[in-house]
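S.K.: Can you keep this structure in mind? I'll have questions shortly.
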Amino acid sequence: MIYRAAIFDLDGVIADTARLHLQAWRQLAEALQRPWADDTEEKLKGLERMASLEVILGGESGNFSEETKLALASRKNSRYQELIRSLSPEDLLPGAGKLLAWLYERKIPIALASASKNAPAVLQALGISDFFSYIADPEQSAPKPSPEIFLAAAQGLQVEAEFCIAFEDAAAGVTAIKAAQGMTAVGVGSESTLGSADYIVGSLEMFDPKDFFLSAIRAAVVS
């Protein structure tokens, strides 16, 4: 297979911004006196904001009006935006900066497919905005495990899905990639949770792009 483009999730793949989301959600849960179970962190992976709020509210969700839920989600997001300001390139996960630079230098288009509405600000804080040709809008796509955001990313790059390779750290994200018209999924993390991925690496540091993209580079040179 000749891969022509790369698509990345953000939280847990490029940077540990997930810890900032979790910090903000946990503070909200404490304020609402909602329990934080052992599996809450795993349940929140890959979810958009309102779906995450439902996890926090749990069985008490029906006691909150939609207006109140929107206010709570906004409250959490305001706290998260405060935490984003502490980010720097040092917060990139192992191998992320090197891989993005390798792809960018070889003119392999890169897109972001993240549920985070704050993704542009995060990329800016991390110093990697210039690497990305396209950022898929989570507000225009159904949440993962729907493949919509990955298909939107491929369309934004003008590359057919089957020629894209996408990176995810959450089971819902891997499911979304696998449903995206032949797109290839690289799970970043544990095989126990990402077993359905086509390839699994512990971190991006362990992913060798030469094994996947050199054919595309040679084809571009020949043409």
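S.K.: Sum up the charges of everything whose Cβ sits under 15 Å from the Cβ of PHE131, counting Lys and Arg as +1 and Asp and Glu as -1, but leave PHE131 out.
M.R.: Taking every Cβ under 15 Å from that of PHE131, the sum is 0.
S.K.: In addition: At 1.4 Å probe size, with every protein chain present, just tell me what the per residue accessible area of the chain comes to in Å².
M.R.: Heavy-atom SASA per residue in the chain reads 49 Å².
S.K.: Taking θ = phi - 60°, what integer Hz values does the Karplus form 6.51 cos²θ - 1.76 cosθ + 1.60 yield along the range 16-27, in sequence order, with x for Gly and Pro?
M.R.: In residue order, the calculated couplings are 8, 6, 4, 5, 6, 4, 5, 4, 5, 5, 5, 5 Hz.
S.K.: Which cross-chain or sequence-distant (5 or more) residues have an amide H under 5 Å from the amide H of TYR134, H modelled 1.01 Å from N in plane?
M.R.: ILE110, LEU112
S.K.: Right, next: If a/c stays under 1.5 just call it rounded; otherwise compare a/b with b/c (prolate if a/b is bigger, oblate if not). Do that for the range 27-81, with a ≥ b ≥ c from the square roots of the Cα gyration tensor eigenvalues.
M.R.: rounded
S.K.: Calculate the spin-label point distance for LYS69 paired with LYS107, positioning each point 7 Å from the Cα along the beta-carbon direction, and give it in nanometres.
M.R.: 4.8 nm
S.K.: Expressed as a whole percentage, what fraction of the accessible surface of the chain belongs to carbon and sulfur atoms when a 1.4 Å probe is rolled over the protein heavy atoms?
M.R.: 48 percent
S.K.: While we're looking at this one, here's another question. Roughly how many whole Å is it from the C-alpha centroid of the range 154-183 to that of the range 65-104?
M.R.: 21 Å
S.K.: Taking every DSSP beta bridge with both residues inside the range 78-223, roughly what % is antiparallel (nearest 5)?
M.R.: Beta bridges within the range 78-223, antiparallel portion: roughly 0 percent.
S.K.: Near the amide H of ALA115, under 5 Å away, which other amide H atoms are found, from residues 5 or more places off or on another chain, if H is placed in the peptide plane?
M.R.: For ALA115, whose amide H was placed from the backbone, the distant partners under 5 Å are LEU10.
S.K.: Same structure, new question: Using the charge dipole of the chain (Lys, Arg: +1 at Cβ; Asp, Glu: -1 at Cβ; taken about the Cα centre), state which of ALA119, SER52, GLY195 has its Cα farthest towards the positive end.
M.R.: ALA119
S.K.: Using the Cα gyration tensor of the range 87-218, with a ≥ b ≥ c the square roots of its eigenvalues, what is the shape: rounded (a/c below 1.5), prolate (a/b larger than b/c) or oblate (neither)?
M.R.: Here the range 87-218 falls in the rounded category.
S.K.: Another question about this same structure. By a straight-distance test (C-alpha under 23 Å), which lysines pair with LYS69 as possible cross-link partners, with residues fewer than eight away in the same chain excluded?
M.R.: Partners found: LYS43, LYS45, LYS117, LYS144.
S.K.: What are the residues whose amide H is under 5 Å from the amide H of ALA5, where those residues sit 5 or more places off or on another chain and H is modelled from the backbone?
M.R.: For ALA5, the qualifying residues are ILE165.
The values are calculated or read from the model by the stated rules, or taken from the named source; none is laboratory data. The structure displayed is predicted, hence computed values, not measured ones. Every residue, glycine as well, gets a Cβ built from its backbone with ideal geometry; the counts of neighbours run over all protein chains shown. Remember, those area values only see protein heavy atoms, side chains included, never the ligands or the DNA or RNA. Shrake-Rupley method; radii C 1.70, N 1.55, O 1.52, S 1.80 Å.
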